[in-house]
Amino acid sequence: MSLLFTPITLPSPRGGLTLPNRMVVAPMCQYSAIEGQATGWHLMHWGNLLNSGAALFTIEATAVVPEGRITPACLGLWDEATEAALADTLQRARKLAPHTAVCIQLAHAGRKASSALPWAGAQLLPKEQGGWQPVGPSAVAYKPSETPPQEMTVADLDTVREAFVAAARRADRMGIEAIEIHSAHGYLLHEFLSPLSNQRDDNYGGSFEHRIRYPLEVFAAVRAAFSGVLGLRISASDWVEGGWDGDQSAEFAKRLKALGCDFIHVSSGGNSPLQKIAPVPGYQVALARQVRDASGMATMAVGLITEPAQAEAILQAGDADMVALARAFLYQPRWGWQAAAALGGSVPAQPAYWRCPPAGFASIFNNTAVAVR
């Protein structure tokens, strides 16, 4: 029997969330918000991917404060206006799809905030071009050519931690079932974890115990405020000698589990332009296995996973409990249907789509009785 189409239950204080399969749509920035507010693009994008066949859909990196956005066009959840826009758009999108659990990735971009759109160069924006002053654990720039971020004070840390809590409460009010705290790809919480970006000399920098302190504080605060499924996305390696690595990630995951973390989503990189990555299919899977073996936590593997057989093999090998895909779902929004056809699984679909599979594949849908006139 296909493991990809075997249900899994993610624990939570609320009683857990059972997913009918182990396919996850990973968070993907769309750079299409206006003043942090969701737009018609998000309605189309979310409605499309809620019809993908995946059991869990993750909303893109969503900033908890305006200055935590990667770009001026990034999504936010920091006030009544951003909450209202996100809630309305999500409600409308969910009405256009079978029931699919929704996760939201809450984020702060740290020193990589105030950047231009990817298709406009992705460089730091000066204030005269709509940018703002980025902040980080230390006044250490991502690139030597960039202006360093402003080092955060302890008061700043308190403010951002409470912003994560407030955003989690907003997500809970709109019925979002899961939250993923973004601690990967060189953004703020990853910056605290890595000695490449965290050069503080107080209780939040230096030793491993000090570097993990602030990410753990943020997690614990959100856990106290949110009783749904709560997880974390990490970059398990900086791919730079002397940086954050798999062994530190494994130990960090054990600390997270002790605080009530329900899942961990294992990615890598993004914190240094010196990273040396060989991006071959499944190149991050070994890191997911290391974190899973150490923590015993439900684990998502991600990164150049494109074929159903590849996803199935990851699960069969015990490398991860779930498989997350991003660009594969952008290119083929019904990837989950193709996986069901290839692996003998089934997915829910809206009745208007029941007639679409080629002959022989109709059985992938849970209900497919269609009268034709």
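No value in this document is a laboratory result; all are computed from the given coordinates. In this text the structure is predicted, and so the values were computed from the model without any measurement. Virtual Cβ from ideal backbone geometry, glycine too; neighbours counted across all protein chains shown.
List of remarks:
- Taking GluC sites (Glu not before Pro) as exposed when their DSSP state is a loop state and no more than 16 other Cβ atoms lie within 10 Å, the longest site-free interval of the chain runs over 242-373.
- Once C-alpha pairs closer than 8 Å and six or more residues apart are averaged by separation and normalised to the residue number of segment 232-325, the relative contact order reads 28 percent.
- Percent of Cα-Cα distances greater than 23 Å, calculated over segment 22-114: 19 percent
- Mean ellipticity per residue at 222 nm, deg cm²/dmol - from DSSP H runs of n ≥ 4 across the chain, formula -39500 (n - 2.57): -9500 deg cm²/dmol
- Using every pair of distinct Cα positions in segment 237-306, the Kirkwood expression returns a hydrodynamic radius of 12.5 angstrom.
- With eigenvalues of the C-alpha gyration tensor scaled by 5 and rooted, segment 268-360, Å: 29, 16, 11
- At R0 = 30 Å, FRET efficiency that the Cβ-Cβ distance of Lys254 and Asp79 yields, to 0.05: 0.25
- Principal semi-axes in Å for segment 70-120 [√(5λ), Cα gyration tensor, largest first]: 26, 13, 11
- In the chain, the longest principal axis of the Cα atoms and the axis of helix 246-258 are about 80 degrees apart.
- Angstrom value of the Kirkwood radius, inverse mean 1/r, which spans all Cα pairs in segment 8-50: 12.8 Å
- At q = 0.10, 0.16, 0.20, 0.21 Å⁻¹, base-10 log of I(q)/I(0) for segment 82-194 (Debye sum, equal scatterers on each alpha carbon): -0.39, -0.88, -1.12, -1.16
- Inter-label distance, nm, simple model (7 Å from Cα along the C-beta direction), Trp132/Asp247: 4.0 nm
- Its Cα centre serving as origin, segment 138-240 has a Cβ charge dipole (Lys and Arg +1, Asp and Glu -1) of approximately 280 debye.
- In sequence order, segment 299-312 has phi-based couplings of 10, 9, 9, 8, x, 6, 9, 10, 10, x, 5, 5, 4, 4 Hz under the Karplus curve 6.51 cos²θ - 1.76 cosθ + 1.60, θ = phi - 60°, and Gly or Pro positions carry x.
- If R0 equals 45 Å, the separation of the Cβ atoms of Glu162 and Asn48 corresponds to a calculated FRET efficiency of about 0.85.
- Cβ-placed point charges (K, R +1; D, E -1), dipole of the chain about Cα centre in debye, nearest 20: 1120 debye
- For the chain, fraction of C-alpha pairs farther apart than 25 Å, in %: 53 percent
- Fully extending the segment from Gln332 to Glu67, taken as 0.36 nm per residue of separation minus the present Cα-Cα distance, adds 92.1 nm.
- Projected label distance in nm at His99 and Lys143, using a 7 Å step from Cα toward the beta-carbon: 4.8 nm
- Structural descriptor for the chain: relative contact order 16 percent, calculated from alpha carbon pairs under 8 angstrom and at least 6 residues apart.
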